[in-house]
Every structure is written in structure tokens, then in C-alpha cells.
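The values are calculated or read from the model by the stated rules, or taken from the named source; none is laboratory data. Since the structure is predicted, the reported quantities are computational estimates derived from the model, not experimental observations. Cβ sites come from the backbone with ideal geometry, for glycine too, and all protein chains shown count toward neighbours.
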């Protein structure tokens, strides 16, 4: 059918990728649901805790519909979710969509600023490494960034807190942000977590930039460019980088996904109200609707970002853009 | 020098040191008499409540799944939230007695079966409506409803009827209970308009602060409720609770002055913290218990000799020293201690005695197969280490204890109250009656040692109906001996509550019923 419409192959490829993404998302939702079933204990027990009486437990289970079969609960949820209704939290009766809205906003805010700092810095440092390959700037950059990725993030966090919040008092260690703060206050609150996140993701992207460009630098056309008298940096920036963009984008996107879905430790240390902490709290309470919703959003972010990486590779690759 | 002088001046104000002694110390430290007098005056001024300021509490024990519904509160942060915004009929004070709050007075019939509370007039809810005895009645109905999910359901039992008339609220019990007013002090039983039937989580109650921002698991902010009936409370203009679950983050927030209070201080850093400048460690000897519990109806724990062998094989002093770092007191295999009213302090302390342990173990005739003790970090802080200490000392008495580490997730539903031998904790209860009725009565849901004795149940009921203090004390003493010598409780230690505050805060009075002055820190303290 698609052939009949004579779609441009890129459009067809994109459509395929998106369809696959949706399928993957559906599979992920089933997996998450199965995962929550395997957890020991149930939501009623988790809510009432050690002080639960059998009567209160039975009442709560009845009230929450926990006595229905699992597949029925899953289909019911999926149907509502497709209509934009994520349901209400079992543990505190609030609307999940509103709660997740602000949490997701915070997570994206932190991820955005960390990315704004880290991505250009990583690529710049990668370019510098190539320019001064095997000389002291290259070695210094590699050593420092590898050292920072090797330290656990909570350690870096605590060290920064100790010096910059407790000793010097320059920045706050409590990065809680809320709506009534203006942008400047918010930014000053997240200086330390952004620094930690930058240090954690910098090395990966920097090393990949360096490796990808070095790979291209072996090519004959680079030699041509050098021979025609271009400066070293112009060669790297104008001729090598564009052809190395696909692997770099892949790594950048992986790290962006990490910034959205994997920063719970940083959130806890800096008391940042993001998605990670929200999810962990509700897993502990067996609050299945919230866990499902968060899982779905995380999966969507991951799949979506990887989709973008794929598309960028396609668009920047002439062979894929103009097949045959 | 000044820090020392400051410390002494506070002691004078608290009545722990007389003025003459203070002046002597001041002179010894090289301060002039005038300077010493000024210091003393400052310290005394700090004891007079001052209005104003914005207080910040950095609290662990809060989650984004929390609710403002008092019935559903279960951890420290929400307890502090509802203490800001709500009031009970009565409150347990720091001496263990009762203070009247929304009840102006209470009285009982001579047989302690009918209790009536006179409800205070002129109390307003945050929405401006007056609080009536009908609101009290409805609140109690909501928490005692069998279909309810209230954390107070366990104590709201044995009620025959309740009624409200004029400014009187009356409870008629099926059986006499001399401690009923103490039950009304339960932290879940905060009075809500219309009992909170319509919208239990809307945060409208009658407390000294009203809620402004409610972001569970992140922060809660409050402002003073100007129409509050009691001027001796709610001194801060505004208050803010920040949820900081990470212990290190909580400490750094306190040390860098971003919060005024922090709760749940880990014993291992308490010493360090008490030496930090500008910060005061507040230690409260409490009723919280770290315990190992055996099901007395399950083999091999159905053998009392084996139980006694285990009880003698645990080194309580060592555990207090190593697990609680000295911030606690040794237990005596009974769930109550001297901080409870009517406690018999003459009950001898059970000592660590390997010979007796070995002897009882031999008498029990146990086949030598490993005795499995289940434990997880969530059972109590340091539970796994404590179990290992227990294993080592038991080993010396020839008792083969085997530790099985369980996941913390699901521990309370899968292990506690299900497996025959595990680690656990109990928060205290305000009275001995409640402690025993919650966990040692044959019919109690949480009888986590399966201790079932008709004689014990009878004694409990007798003591409950007994209004004569001496007789009550004797009855409780007899019950304590039964649990100590026949029960399934191995109780190494009572842990202290450890909180911390900056020295910008004045008015701290520890309350053995709970940490953070039994949740009242922001309600009762003020800016120094």
C-alpha cells in the first residue's frame, strides 16, 4: 500500500520506526504491569504498614478493586490511559496526571539545564582532544572526565555539598524548586545537581566524540583538506564532525534519556522533586496506577529519544537519504 | 568560652543550676559580672515565646504518596503536618499526663464505662465554621467505622455507643476502661468539620496553622491561623516542611542553616552533630523498641526453655553500646519501661548469662538444627548488625542461630507477624494498657508473639477497669512478669529519639511519646 503511494523512502522508514516504537511501548506497559504483580505484598498492606488490621486491609482491598483479576485491571487501565486518563493514585487519592505533570516538568527542567551545559561542553572538549591528540590537553581532558565518571554520583554530590553548601555556603544543598520561584532562583537552586549530572555524563559523550572524529580523520578526504592548507580546527569542525555526527548523536541521546529516567540518586541527595523519587515512593506503596504511568512515560521518553537518534542518523547519512 | 557560658546560662533558666553557681562559673571563665548578668537575661528572654519568623523543618519519613487525611497518616512527615493543622480532644504531655485541648474537661462514670468530654467553645475551623460536639462525634464515627481504613481503627474498639448533646460528647463502652482519655489523644483523631466524611484530605481542621501549599513528598507550607483559640501555640508566622529522606542531605541542610529542625538523626553521627557549632542535638528517652519476636505457638519456640535460653543469650548492654551508640536503654523482655505510668521498677533486670542460656538450651532438648532468625534493615536501624551480635553470643552458649536476611520491601507483609522468629520494632503507646492490648491480648490482631493466656487477658481487663492506682500497678507488675518469663519477646533495647535543631530555635521540650516533641516542634517552639 505504502509503495502504491510512492512515499519517499525516508518517510516510509520514519513511519516504520514510529509504528515499531508504539508497539514497543505497548509491550513495555505489559512488562511493567507483570513486574508490579511479582512484587511481594500488596498496595493495601503497604499503605497501612505495620499497623494494618485484617479488617482494614480487607476494606481497603475491596475499595481499590484489588480483588479483580489482573488482566481485567490491566485492560481497564490501558483503555483509560489511551483516553488521557491516568487514573487516581491509590495511596492518596489524587489525580495522577496533575501530579506527574509538575514532577515531569521538574525532571525536564533539570535535564534541560544539565544538557545545555554538558552537551556543548562534551563536544567542545572532544574536538579539543582531537586537535591536541596525544598531547597534554588531550590527556588532561580524558583523565579528568574519566575520573569524574568513575566516581559514584552520590559521592560527587556529597563532596560538592560539603564544600559548596556547608563550608562555603555559596549554593544551596536543598534543590527543591516550586512554581512561585522565579527562573533565577530556580537556576541557583539547581547549580549543584546540574554540576553533578554534567560530570557524570560528560566523559561518555566526550570520548565518543573523540573516537568518532578520529575514525573519520583517517579518511582520504581529510588528507585532501589538510593538503589544501586548511587549519587543523577547520578541518575537524567543517569536514570531520559532520560525518561523525551519527554516533555522537546516538550517545548524546542515550545520555539525555539517562538524565530523564535515571537520576533518582541525584534527586534524593539534593531533595529535588523529580519523577525518580515520585516513582520510588509509589513502588514502595504498591501504587500500581502511578507505577504504570511513570513506567509508561519513562518508556516513551526512552523510545522517543532513540527514535530521534535514528532519524538524525538517517537524515545525516546520504546513503540512507538517497537509497540506490 | 562564650559557648560554655551560653550553655551554663541555659542551665540556669531551665532550673538545673542556680544563679550564684552560674556567676561563679562565669567568673572562673573570666567574664565580668556585668557580662554574665547580660548573658543570663538573654537566656531568660529566650524562654519567653516570641511571635514571628519563618521556620523550616527538614524531615525524613515523607513520601509523595502521603495524604492530608489524618486517618491515613503513618510516618513522621505527615504526623508533623497534621500536628500543624489539627487538634485532638486531649494531648499526652511530656510528663505522661493529659492536657485538655479541644475538650475543656472530661469525666467518667464511677465504673469507667461512660466517659463525657466537654467541648471547648469558640473554637473555629480554618473555614470559619465553629467546632461543635457534633463534629467530634462524626470524627470518632469515621475512625471507628469497621469499613474505615483509619490507622486508629485498632484503638477505636469496644465502643457501645457515642452521642453528642450540646457541648458534651459522650462515649459508652462495652467494658470499663480507665485509660479511655489516653486513646482520644491518638494522633489520628484530629477533629475535622463534619468528621471529614465529605473530603477527608482537604486539610481543613482547627489547628494553630492552616495549610497553604501541599506537595506530598516535596514540601508543605503553613501560615498561622489568626483565629486560633490558644495564644500559647503557633508562634511562627509561617512554617515550612521540606521532605528530606536522605540522612546526609538532612544533616547538610541543617548545618548550612537551610532548615531549623531535622529529625531521625542516625546514632552514628549524633556525637559528631552535637559538637557542630550552632546546632543542638535533642535526645528524648522514648518508648520505641527494637525487638526480636518468637511465635510461642510454633516449634521450636513453643518450648519455654528454648525461649529463655535465647533471652539469656543476648547481650543487651553491648547492643545499646554498638547498635544505638549509647543512645538508648537496655530492655527487659517486657514491652514497657519506666517512662510508662504505673510501671513497677522493682522487676529485676534480665542479665546476659551464657551459663543459664546453655542450661535452658540443654533442658529444652532442641535437636541442634539451626534456629532461623529473619531480619531486614527496615526492621529497625542496625537490625542486621544486631542479629549478628546475637548470633555470636548465642554461639557461645551453643545455640545455633542462623540469620536469614529478607528484602526490606514487603518485610511487614511477608515476614513480620507471619514468620515464627524475626526482628521488628514497636513505637511506644501512651499507656501500658494500650501496649499490652495492642500486642499481647489473645485476640489482638498484632499479637506478633502469639502470646495467648487467659489469665493474662483477665488481668488486663481487671487493670483496665481499676481506678485505684496502687492496685493497677500491682496488676501491671504481675502481667509484666508473665510476659518477661513466658512470652515470646526478646527485647534488647529501647531506642532514644534523636532530633536536632539550630540555636535559632527556643522552647524545645522533649516528649517521650514521639520524636520532634511528639510532632509539636513547630507548634510549640519559637525563634530565639
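Scanning the range A:137-171 for residues that are surrounded by 14 or more Cβ atoms within 10 Å (Cβ to Cβ) and within 11 Å of chain B (Cβ to nearest Cβ) gives A:154, A:157, A:158, A:160, A:161, A:162, A:164, A:165, A:166, A:171. Residue B:237 meets the conditions (1) under 30 Å from residue A:94 (Cα atoms); (2) surrounded by fewer than 22 Cβ atoms within 10 Å (Cβ to Cβ); (3) over 24 Å from the mean Cα position of the chain (by Cα); (4) within 14 Å of chain A (Cβ to nearest Cβ) in every case but one. The failed one is (4). Number of residues in the range B:398-425 that are closer than 24 Å to residue B:328 by Cβ and either assigned to a strand (DSSP E or B) or more than 11 Å from chain A (Cβ to nearest Cβ) (or both) equals 8.
Note on the range B:156-186: residues that are within 16 Å of residue B:136 (Cβ to Cβ) and either under 26 Å from the mean Cα position of the chain (by Cα) or not in a strand (DSSP E or B) (or both) total 11. Taking the listed residues A:128, A:104, the one that is within 25 Å of the chain's Cα centre (by Cα) and either more than 9 Å from chain B (Cβ to nearest Cβ) or surrounded by 16 or more Cβ atoms within 10 Å (Cβ to Cβ) (or both) is A:104, with no other qualifying.
For residue A:68, are the conditions met, namely being away from chain B (no Cβ under 14 Å), over 29 Å from the mean Cα position of the chain (by Cα), at pLDDT 75 or above and in a loop (DSSP other than H, G, I, E, B)? Talk me through it step by step, then tell me what you get.
Details: away from chain B (no Cβ under 14 Å): yes; over 29 Å from the mean Cα position of the chain (by Cα): yes; at pLDDT 75 or above: yes; in a loop (DSSP other than H, G, I, E, B): yes.
When the stated conditions are applied, residue A:68 passes them.
Scanning the range B:275-318 for residues being crowded, with 20+ Cβ neighbours inside 10 Å and in a helix (DSSP H, G or I) gives a total of 8.
Looking only at residues that are assigned to a loop (DSSP other than H, G, I, E, B) and more than 20 Å from the chain's Cα centre (by Cα) in the range B:43-62, which one is nearest to the other protein chains (Cβ to nearest Cβ)? Ranking the candidates gives B:53 first.
Within the range B:355-396, the set of residues being over 27 Å from the mean Cα position of the chain (by Cα) and crowded, with 17+ Cβ neighbours inside 10 Å comprises B:356, B:357, B:358, B:360, B:361, B:364, B:366, B:371, B:391, B:393, B:394. The listed residues are A:253, A:266, A:283, and the only one of them that is in contact (Cβ under 8 Å) with a residue 24 or more places away in the chain, surrounded by fewer than 23 Cβ atoms within 10 Å (Cβ to Cβ), in contact with a helix residue (DSSP H, G or I) (Cβ under 6 Å, 6 or more places away or on another chain) and more than 9 Å from chain B (Cβ to nearest Cβ) turns out to be A:253. Given the structure, is residue A:276 within 23 Å of residue A:152 (Cβ to Cβ) and either assigned to a helix (DSSP H, G or I) or touching a residue at least 60 places away in the same chain (Cβ under 8 Å) (or both)? Yes. Going through (1) modelled with pLDDT of 60 or more; (2) assigned to a helix (DSSP H, G or I) one by one, residue B:35 falls short only on (1).
So, in the range A:178-204, exactly how many residues are outside any helix (DSSP H, G or I) and surrounded by 20 or more Cβ atoms within 10 Å (Cβ to Cβ)?
Step one: filter the range A:178-204 for residues outside any helix (DSSP H, G or I), giving A:178-182, A:190.
Adding the requirement that they be surrounded by 20 or more Cβ atoms within 10 Å (Cβ to Cβ) leaves A:190.
So the count comes out to 1.
Of the residues making up the range B:108-130, those that are farther than 20 Å from residue B:183 by Cβ and surrounded by 19 or more Cβ atoms within 10 Å (Cβ to Cβ) are B:123, B:125, B:126.
State whether one or more residues within the range B:240-262 are touching a strand residue (DSSP E or B) at 6+ places or on another chain (Cβ under 8 Å), more than 14 Å from chain A (Cβ to nearest Cβ) and not in a helix (DSSP H, G or I). No, every residue in the range B:240-262 fails to be touching a strand residue (DSSP E or B) at 6+ places or on another chain (Cβ under 8 Å), more than 14 Å from chain A (Cβ to nearest Cβ) and not in a helix (DSSP H, G or I).
In this structure, is residue B:244 crowded, with 24+ Cβ neighbours inside 10 Å and within 22 Å of residue A:92 (Cα to Cα)? It is true that residue B:244 is crowded, with 24+ Cβ neighbours inside 10 Å and within 22 Å of residue A:92 (Cα to Cα).
Among residues belonging to the range B:122-155 that are assigned to a helix (DSSP H, G or I) and within 14 Å of chain A (Cβ to nearest Cβ), point out the one that is farthest from residue B:203 (Cα to Cα). Lay out the reasoning, then the answer.
We begin by selecting, within the range B:122-155, every residue assigned to a helix (DSSP H, G or I); these are B:133-144.
Of the ones still in play, those that are also within 14 Å of chain A (Cβ to nearest Cβ) are B:142-144.
Details: B:142: 16, B:143: 16, B:144: 20 Å.
Top of the filtered list is B:144.
For residue A:174, the criteria (1) crowded, with 16+ Cβ neighbours inside 10 Å; (2) free of Cβ contacts under 8 Å to residues at least 12 places away in the same chain; (3) part of a loop (DSSP other than H, G, I, E, B) hold in every case but one, which is (2).
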